[in-house]
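Trainee: The structure under discussion is supplied below as structure tokens; questions concerning it will follow.
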Amino acid sequence: MSFEKIGAAEQFYKKYAHDNGFSVRVGQQKLENDVIYCKRFMCSRQGYRKKKDDANGQPSNGKNSHNICETRCGSEAYIYVKLSSDNRYTIESMIEEHNHGLVSPGKRHLLRSNRSVSERAKNTLYNCHKASMGTSQAYRLLHVSEGGFDNVGCTLRDLQNYYRDLRKKITNADAEMFVAQLERKKKINPEFFYDFVVDEQGRLVHVFWADAMSRKNYSHFSDAVSFDSTYSTNQYNMIFAPFYWSQSSFAKYIYWWCILSK
């Protein structure tokens, strides 16, 4: 059996593993001229984990270690894929036998190598967080829309880990993203105004913005302006403060918005 790309060989073995009830781990590979020449895919339970030593070089007695379930048992199942002369990847060798029990069909959707957060799951998670719904609620919504947990394609922990990693990626870029969004609004409507202040470390400390309608309202109702600083964000320890003119308890015209550091 041959494959045009190494990724096709990996998907083939992962599907084979899923149908038979085991998970796949990617092994070593060899490169030639930046092209993968050969690669090994194996059962996730192949080999044994090395025992960690303490600071004195002695084997740890496990008193301060976490109780981690041992998942490797020396399974020898694998496939070895190699690039042939016709630039296609062929399976050079394969062992099918396992020295452990295989996962039952009802639990095969939990195998790690076949789990992934799909684009549909990502979009659902994004929309749920926009609506102030948590990750657990997003996962339950996916359960209903996809017709069961086995059709979601990932576990709740996978979805939580994805959201955690996503937040880490944007932690140092969220201020830039916010200012860039304001700049896009200004390009769409030149009457949109914004300004911001950064400190010596380049951190955003103050932001001020007003759209075209707010500026027009201010030209008509500018005799009395209220500054309300009672709103407080819970993530960045900054104050959200709108400027508005109140005609009555039911009618308020917001002129500007700002975010201030405490």
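Trainee: Could you check, for region 114-135, whether at least one of its residues is within 30 Å of E76 (Cα to Cα), over 13 Å from the mean Cα position of the chain (by Cα) and not in a loop (DSSP other than H, G, I, E, B)?
Mentor: Of region 114-135, the ones within 30 Å of E76 (Cα to Cα) are 114-117.
Add one more test, that the residue is over 13 Å from the mean Cα position of the chain (by Cα), and what stays is 114-115.
Adding the requirement that they be not in a loop (DSSP other than H, G, I, E, B) leaves 114.
Scanning region 114-135 turns up at least one residue that is within 30 Å of E76 (Cα to Cα), over 13 Å from the mean Cα position of the chain (by Cα) and not in a loop (DSSP other than H, G, I, E, B).
Trainee: Another question, if that's okay. Could you list, in sequence order, the residues of region 142-175 that are surrounded by 16 or more Cβ atoms within 10 Å (Cβ to Cβ), among the hydrophobic types (A, V, I, L, M, F, W, C) and assigned to a helix (DSSP H, G or I)?
Mentor: Answer for region 142-175, where residues must be surrounded by 16 or more Cβ atoms within 10 Å (Cβ to Cβ), among the hydrophobic types (A, V, I, L, M, F, W, C) and assigned to a helix (DSSP H, G or I): L142, F149, L156, L159, A175.
Trainee: As an exercise: evaluate Y163 against (1) assigned by TED's automatic domain parsing to the domain that holds A210; (2) in contact with a helix residue (DSSP H, G or I) (Cβ under 7 Å, 6 or more places away or on another chain) and give the number of the one condition it does not meet.
Mentor: (1)
Trainee: Restricting attention to region 119-127, does a residue exist that is over 27 Å from K15 (Cβ atoms) and either in the same structural domain as E76 (by TED's automatic domain parsing) or surrounded by 12 or more Cβ atoms within 10 Å (Cβ to Cβ) (or both)?
Mentor: Restricting attention to region 119-127, the residues satisfying the condition of being over 27 Å from K15 (Cβ atoms) are 126-127.
The next check asks that each one be either in the same structural domain as E76 (by TED's automatic domain parsing) or surrounded by 12 or more Cβ atoms within 10 Å (Cβ to Cβ) (or both); those that pass are 126-127.
The answer is yes; a qualifying residue exists.
Per-residue answers, yes or no, for (1) assigned by TED's automatic domain parsing to the domain that holds G21; (2) crowded, with 17+ Cβ neighbours inside 10 Å; (3) at pLDDT below 90:
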site	(1), (2), (3)
Y37	yes, no, no
C43	yes, yes, no
N56	no, no, yes
P59	no, no, yes
G62	no, no, yes
R72	yes, no, yes
Y80	yes, no, no
L83	yes, yes, no
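Trainee: Now for a different question. Any residue in region 183-191 that is buried (at least 16 other Cβ atoms within 10 Å of the Cβ) and touching a residue at least 12 places away in the same chain (Cβ under 8 Å)?
Mentor: Quick first cut of region 183-191, residues buried (at least 16 other Cβ atoms within 10 Å of the Cβ) only: none.
For region 183-191, residues buried (at least 16 other Cβ atoms within 10 Å of the Cβ) and touching a residue at least 12 places away in the same chain (Cβ under 8 Å): absent.
Trainee: Now a separate question. With the structure loaded, tell me whether S93 is touching a residue at least 12 places away in the same chain (Cβ under 8 Å), more than 30 Å from Q160 (Cα to Cα), of a type in the set (S, T, N, Q) and in a loop (DSSP other than H, G, I, E, B) or whether it fails that test. Walk me through how you get there before you give the answer.
Mentor: On the way: touching a residue at least 12 places away in the same chain (Cβ under 8 Å): yes; more than 30 Å from Q160 (Cα to Cα): yes; of a type in the set (S, T, N, Q): yes; in a loop (DSSP other than H, G, I, E, B): no.
No.
Trainee: Output the residue which, of all residues in region 150-182 that are of a type in the set (D, E) and at pLDDT below 90, is nearest to Y126 (Cα to Cα). Steps first, answer last, please.
Mentor: Of region 150-182, the ones of a type in the set (D, E) are 150, 158, 165, 174, 176.
Okay, now just the ones that are also at pLDDT below 90, so 150, 165, 174, 176.
On the way: D150: 21, D165: 14, D174: 15, E176: 20 Å.
So, considering only residues that are of a type in the set (D, E) and at pLDDT below 90, the one nearest to Y126 (Cα to Cα) is D165.
Trainee: Separate question: Counting only residues that are acidic (D, E) and under 21 Å from R115 (Cβ atoms), which one in region 1-39 is farthest from the chain's Cα centre (by Cα)?
Mentor: First, the residues of region 1-39 that are acidic (D, E): 4, 10, 19, 32, 34.
Those still in the list that are under 21 Å from R115 (Cβ atoms) too: 10, 19.
Working: E10: 23, D19: 27 Å.
The extreme case among them is D19.
Trainee: For residues in region 17-35 being of a type in the set (S, T, N, Q) and surrounded by fewer than 10 Cβ atoms within 10 Å (Cβ to Cβ), which is modelled with the highest pLDDT? It would help to see each step written out before you state the result.
Mentor: Of all residues in region 17-35, those of a type in the set (S, T, N, Q) come to 20, 23, 28-29, 33.
Pick out the ones that are also surrounded by fewer than 10 Cβ atoms within 10 Å (Cβ to Cβ) and you get 28, 33.
On the way: Q28: 89, N33: 86.
The residue in question is Q28.
Trainee: Only one of (1) under 24 Å from E176 (Cβ atoms); (2) modelled with pLDDT of 65 or more is not met by N234, so which one is it?
Mentor: (2)
Trainee: When you scan region 98-144, how many residues do you find that are farther than 24 Å from S23 by Cα and of a type in the set (F, W, Y)?
Mentor: Residues meeting the conditions: 1.
The values are calculated or read from the model by the stated rules, or taken from the named source; none is laboratory data. What you are looking at is a predicted structure, and each value in this text was computed from that prediction instead of being measured. In this analysis, Cβ positions are derived from the backbone assuming ideal geometry, glycine residues included, and neighbour counts consider all displayed protein chains.
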